[in-house]
Amino acid sequence: HQNKSQTQQLPFLLSKVPLSLHSSRQQVVASNAFGAFPIWARLFLREFVLIYNSKESDIISIMNNINEQTKSELFEKAENMLKFSYSPYSHFCVGAALLCTDGTIYTGCNIENAAYGPSNCAERTAIFKAVSEGKKDFVAIAIVGGKEGIIEDFCPPCGVCRQVLSEFCKKDFLILLKDKKNQVKEFTLEQLLPESFSL
Ligand code: THU
């Protein structure tokens with residue numbers, strides 16, 4: 001019925017907003033496009049979308065100016081990292097792809113160690129690679145994983161990785177997960193790590 005079609009159009013209509021204010025760059029994001037908007041405008045848009053029963057992740061995607069094509073690219077790159085996973089102890093392979101606000105993508109895999117403790121998760125590998133090359137502004141991360149590199153269920157980031165993400169990322173940073181049926185789950189960092197610790 002009519003409401004439904006309005007709802008479906010809404011993400012499309014809203015997607016025009018940040019782009020019109022943005023620079024002529026076609027590429028993903030030069031900055032969080034909604035950073036240019038005052039907080040009341042962002043809250044208004046968010047409420048508007050929620051009232052119209054649209055998915056909150058839609059507006060968050062729009063606010064982060066990330067489209068479906070970019071998400072697919074992130075998943076593809078994350079999946080591609082499974083083959084580099086060094087996980088002889090757990091045999092659980094994880095791959096991650098981190099999108100920076102300048103449009104570059106840093107990838108990572110988990111790297112285990114005989115002493116277990118020094119093992120590093122895929123997400124942190126990606127973040128540390130990026131930060132060590134001067135990148136500190138991030139839009140989203142895609143994560144996939146599974147036993148022997150076969151994706152089964154969603155692979156949400158561990159608590160340590162959530163805390164590391166919170167060191168660099170804003171509350172609306174997107175965490176993208178995918179299972180073997182190609183179902184996608186999207187969370188904001190705020191959703192996965194509410195009331196986070198910072199100094
Ligand atoms: N692992 C990740 O790489 N990311 C996560 O968020 C969860 C766990 C890795 C660590 C370890 O090498 C293996 O998965 C099993 O825990």
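Bear in mind that the values in this text are calculations on the coordinates, not laboratory data. It should be emphasised that the depicted structure is a prediction, and the values quoted were computed from it without experimental measurement. When we count neighbours, we look across all protein chains shown, and the Cβ atoms used for this are built from the backbone with ideal geometry, even at glycine.
Worth a mention:
- Inter-label distance for residue 104 and residue 198, nm, one decimal - labels placed 7 Å from Cα along Cα-to-Cβ: 2.3 nm
- For the pair residue 183 and residue 39, label points projected 7 Å from Cα toward Cβ lie 3.6 nm apart.
- FRET efficiency, residue 171 to residue 131 (Cβ-Cβ, R0 22 Å, nearest 0.05): 0.70
- Between residue 72 and residue 86, full extension at 0.36 nm per residue minus the direct alpha carbon distance yields a gain of 2.6 nm.
- Of the GluC sites (Glu not before Pro) in segment 151-199, the ones in a loop by DSSP (not H, G, I, E or B) with at most 16 other beta carbons within 10 Å are 152, 195.
- Stretching the chain fully between residue 51 and residue 158 yields a gain of 35.3 nm (0.36 nm per residue, less the alpha carbon separation).
- Segment 80-199, relative contact order in percent, only Cα pairs under 8 angstrom and at least six apart counted: 21 percent
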